[in-house]
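Presented below is the structure to which this report refers.
The values are calculated or read from the model by the stated rules, or taken from the named source; none is laboratory data. Just so it is clear, the model here is predicted, and its values are computed rather than measured. Heads up, the Cβs are rebuilt from the backbone with ideal geometry, glycines too, and the neighbour counts pull from every protein chain shown.
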């Protein structure tokens, strides 16, 4: 079964239109960046979501580390188990 009958495509002969298309696409992107004030990476280094780490060892010792609004909160386990959720452990 043959899907493509004629696969003899002259890519080398079509390189000039390819170059023109590529350069045009790059220019359109550069003009768009210039008109919109540069790239917008949408990275927020202020505040942000809280980060939770639950660290434990083989002996049953565990601690929950939370980072929220520049503060670090550490909760050590008082029982042989430690529970962590996606909710804040401290009062806001």
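Restricted to the stretch 60-71, and to residues that are surrounded by 10 or more Cβ atoms within 10 Å (Cβ to Cβ) and within 13 Å of residue 50 (Cβ to Cβ), which residue is modelled with the lowest pLDDT?
The extreme case among them is 68.
Checking the conditions here, which among 31, 20, 9, 26 is surrounded by fewer than 10 Cβ atoms within 10 Å (Cβ to Cβ) and either outside any strand (DSSP E or B) or modelled with pLDDT under 85 (or both)?
Testing whether each residue is surrounded by fewer than 10 Cβ atoms within 10 Å (Cβ to Cβ) and either outside any strand (DSSP E or B) or modelled with pLDDT under 85 (or both) leaves just 9.
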